[in-house]
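Read-outs: derived from the displayed coordinates by stated rules, not from any lab. Everything numeric here is computed off the predicted structure, so don't read it as measured data. Virtual Cβ from ideal backbone geometry, glycine too; neighbours counted across all protein chains shown.
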Amino acid sequence: MTPSEGEKAAAAHAALAEVRHGMRLGLGTGSTVAVFLPLLAEKVQAGLDIVAVPTSASTERLASALGIPLASLDALETLDVTIDGADEIDPKLNLVKGGGGALVREKIVAASSRRLVIIADQSKQVAILGAFPLAVEIVPFGAGATLRRLAALMARSGSDGQVSLRRENGTPSLSDNGNLLADCCFGVIADPVALARALADMPGVVDHGLFLDMAACAYLGTPHGVQMLRP
């Protein structure tokens, strides 16, 4: 186990304290959540009564294989807590998410939860967001025009970074919603609130990976143990 894997495991173990009998959970997507799910499954096998909403097809497959009871968000309406990872976490617990391509469903599930709890290793903690590419989900129709608008927005923001379609084996990657994913390399996001507003207003954009004022806390695995962060 590498140091970062150990930190992820420690954070996942600590976050189990957030889960209680009878809860309705949201299950995020990504490598740290993949560590959390087997731990949750052990609790379920020992008698923990919960039901969960997955944020992606990959999380749904893993959770189902582990025997975690699943339901749709429409059936449950409101969730008690969502456990999810992040690509970047700033001091205010604003997040960059979407490296796993599930940002739209992750945001919908998080917004339907009373608490969003983040689990991550220490490398995800940053002073300012933007070093990790910001994922933006866009509709396929007019994708070229949307990419040009994204590039123009980045230039106006003072970034000289690139916008690119995410690809896998040379083919554009699709989200579980059937949309394209654009990665925007801002470098520094000086005003996350203004950027989130500009992206939300842009035609062709479904949603973006800025999760602002949403996280209740974060369990951060470090070489010296787990640190809990609050906004």
- Task: Sorted from largest down, give the three principal axis spans of the alpha carbons of region 19-83, whole angstrom values.
- Result: 26, 26, 17
- Query: Can you put 208, 21 in order, fewest other beta carbons within 10 Å first?
  - Reply: 21, 208
- Query: Dipole size in debye (nearest 20) for the chain around its Cα centre, Lys and Arg Cβ +1, Asp and Glu Cβ -1?
  - Reply: 200
- Note on the structure: Out of 26, 164, 222 - ranked by how far each Cα lies towards the positive end of the dipole of the chain, with unit charges on the beta-carbon of charged residues - the top one is 164
- Item | Selection from 16, 142, 37 lying farthest towards where the dipole of the chain points positive, charges on Cβ | 142
- Message: Let me spell out the model: positive unit charges on the Cβ of Lys and Arg, negative unit charges on the Cβ of Asp and Glu, origin at the Cα centre of region 134-206. What dipole size does that give, in debye rounded to 20?
- Response: 200
- When the helix-only estimate is applied to the chain (DSSP H runs of n ≥ 4, each -39,500 (n - 2.57), divided by the residue count), what is the mean residue ellipticity at 222 nm, nearest 500 deg cm²/dmol? -9500 deg cm²/dmol
- For region 219-231, take each phi angle, set θ = phi - 60°, evaluate the Karplus expression 6.51 cos²θ - 1.76 cosθ + 1.60, and give the result in whole Hz per residue in order, putting x for glycine and proline. 9, 10, x, 10, x, 10, x, 9, 10, 9, 9, 10, x
- Note on the structure: The residues 119, 89, 50, sorted from fewest to most surrounding Cβ atoms within 10 Å, come out as 50, 89, 119
- Check: region 22-138 dipole with +1 on Lys, Arg Cβ and -1 on Asp, Glu Cβ, in debye: 100
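Neighbouring Cβ atoms within 10 Å as the yardstick, rank 137, 60, 42 fewest first.
42, 60, 137
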- Item | Shape parameters for the chain, alpha-carbon atoms, Rg then Dmax in Å | 17.4, 54
